[in-house]
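Asker: Would you mind keeping the following structure in view while I ask a few things?
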Amino acid sequence: MEIRVLRGPDVRSLLPMAECVELMHKTMSAVSEGRVVLPLRSVLVMPGELGMMGNMPGYLGEPECFGVKLVSLIPGNKPPHYSSHLGLVLLFEVEHGQPVALLDAAEITAIRTAAASGLATRLLAEPDASDLAILGAGEQARSHLDAMLTVRRLRRIRVWARDSSKAADFARSEGSRHGVTIEVAATPRAAVLNADIICTVTKAREPILLGEWLAPGAHLNVVGSSIATAAEIDTPAVVKSRFFVDYRGSTVNEGGEYLRALKAGAITPDHILGEIGEVANGSKVGRVSPGDVTLYKSLGIAPQDLASAHYVLQKARAAGVGQVIDF
Ligand code: NDP
């Protein structure tokens, strides 16, 4: 039995953002068409403030494979030394059920999450949306900048972080990496003023973004709050949005903003207009008018990891990348 081991730099070089956005288009359509088996992830919460381990299994019908992502989430971990999600994706082939690849989960998570937001932005934002606000300055902020530059022609980019020196570092390093100017905003409100695209990619547990600040026509990717008890945006922001999700089953269990708004009686379950895969395959309408505020709630699902892992493995085999271990 041979297992190909693919490290972070291998994943990064074999999974460019533009290719991953296309991959997410196919994958999220497959999710919404039921061509996956997707149990809810389980989370092991360790005692005290130690952190969590997420267990995300799944099966994909096309390309046919199955597997699991196992990641730790340790609160004190900070990039660049430690990613917020450390772990592995283990991919199996279906004929004999043999494991065929072991891949760095941090890099896959960073790229596939942003690529899915890129897909949502391509489908839901105004075609000429060009003013981007990013709230947060960590790993997902970096990959989301990459994704937003991939799907829209941006003329203005603002970043806000609770530590302004980290926002300034982000603006400098990412600005020079992409050859763009990034402004540092002093407050979340200043960052999103008249923004067309907003990505919330923080670890905030309480809202940092208020609905009253949103300009007509804005599109939001709400990504950071990926557990039921966290909400990066307030209930009025949820209420005023055309609300789309990655996977309905996850949102009704773990979508912090959705659950808060529901509990407050501000929305009913039919506030979820659809999954992004339904917009991708044309069975649901995303934006109806230029003044709509659209929202994509991302929680992250195993098919995104498996599709990415499978894609990277095929390219790695063709290019002879990675280390093959004989078991
Ligand atoms: P990083 O640790 O790299 O970055 C986290 C960012 O959030 C930093 O800018 C950090 O600031 C900021 N932050 C932390 N606490 C707060 C707070 N209370 N208020 C405002 N900002 C805060 O993490 P990632 O970029 O990898 O992940 C960001 C979030 O996205 C996490 O919550 C993660 O769980 C989630 N995530 C969601 C995925 C999905 O599929 N939806 C996939 C992967 C991640 P500072 O540096 O000052 O601490």
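The values are calculated or read from the model by the stated rules, or taken from the named source; none is laboratory data. None of these values were measured; they are calculated from a predicted model. Glycine gets a Cβ as well: all are built from the backbone with ideal geometry, and neighbour counts include every protein chain shown. Keep in mind that these areas ignore ligands, DNA and RNA; they rest on the heavy atoms of the full protein, side chains included. Shrake-Rupley method; radii C 1.70, N 1.55, O 1.52, S 1.80 Å.
Asker: If the chain between residue 227 and residue 7 were fully stretched, how many nm would it gain, using 0.36 nm times the residue separation less the Cα-Cα distance?
Answerer: Working: separation 220, 0.36 × 220 = 79.20 nm, distance 2.72 nm.
Full extension of this stretch gives 76.5 nm more.
Asker: Let me ask you something else. Report the FRET efficiency, 1/(1 + (r/R0)^6), for residue 326 and residue 19, where r is their Cβ-Cβ distance and R0 is 25 Å, rounded to 0.05.
Answerer: Details: r = 30 Å, r/R0 = 1.19.
About 0.25, to the nearest 0.05.
Asker: For every helix of n ≥ 4 consecutive DSSP H residues, a contribution of -39,500 (n - 2.57) applies; sum these over the chain, divide by its total residues, and give [θ] at 222 nm rounded to the nearest 500 deg cm²/dmol.
Answerer: Details: 11 runs with 119 residues, N = 327.
The per-residue figure over the chain is -11000 deg cm²/dmol.
Asker: Rg and Dmax of the chain, Cα atoms, in Å?
Answerer: Expressed in Å, the Cα Rg and Dmax of the chain come to 18.8, 58.
Asker: Which order, highest average first, do 146-155, 130-139 follow once you tally other Cβ atoms within 10 Å for each residue and take the mean per peptide?
Answerer: With the highest mean Cβ count within 10 Å placed first, the list reads 130-139, 146-155.
Asker: Let me ask something additional. In square nanometres and to one decimal, what's the mean projected area of the convex hull around the Cα atoms of region 116-297? Walk me through the intermediate numbers first.
Answerer: Details: hull surface 36.4 nm².
One quarter of the hull surface, i.e. the mean projection, equals 9.1 nm².
Asker: Which cross-chain or sequence-distant (5 or more) residues have an amide H under 5 Å from the amide H of residue 198, H modelled 1.01 Å from N in plane?
Answerer: 133, 219, 220, 221
Asker: Accessible area of region 116-297 with a 1.4 Å probe: how many percent of it is carbon plus sulfur? Before the final figure, lay out each step's value.
Answerer: Numbers: 3750 of 7270 Å².
The C+S portion of the solvent-accessible surface of region 116-297 is 52 percent.
Asker: Note the angle between two axes, namely the Cα long axis of helix 302-319 and the longest principal axis of the Cα atoms of the chain, as a number of degrees from 0 to 90, rounded to the nearest 10.
Answerer: 50
Asker: Mind checking the angle between helix 17-32 and the chain's longest principal axis? C-alpha axes, 0 to 90 degrees, to the nearest 10.
Answerer: With rounding to tens, the tilt is 90 degrees.
Asker: Right, another one. Once both axes come from the Cα atoms, what is the angle between helix 164-178 and the longest principal axis of the chain, in degrees from 0 to 90, rounded to 10?
Answerer: On a 0 to 90 degree scale, this one is about 60.
Asker: Step through the residues of region 154-163 one at a time and calculate ³J(HN,Hα) from phi using the Karplus curve (6.51 cos²θ - 1.76 cosθ + 1.60, θ = phi - 60°), rounding each to whole Hz and writing x for Gly and Pro.
Answerer: Result, rounded to whole Hz: 8, 10, 9, 9, 10, 10, 10, 9, 5, 9.
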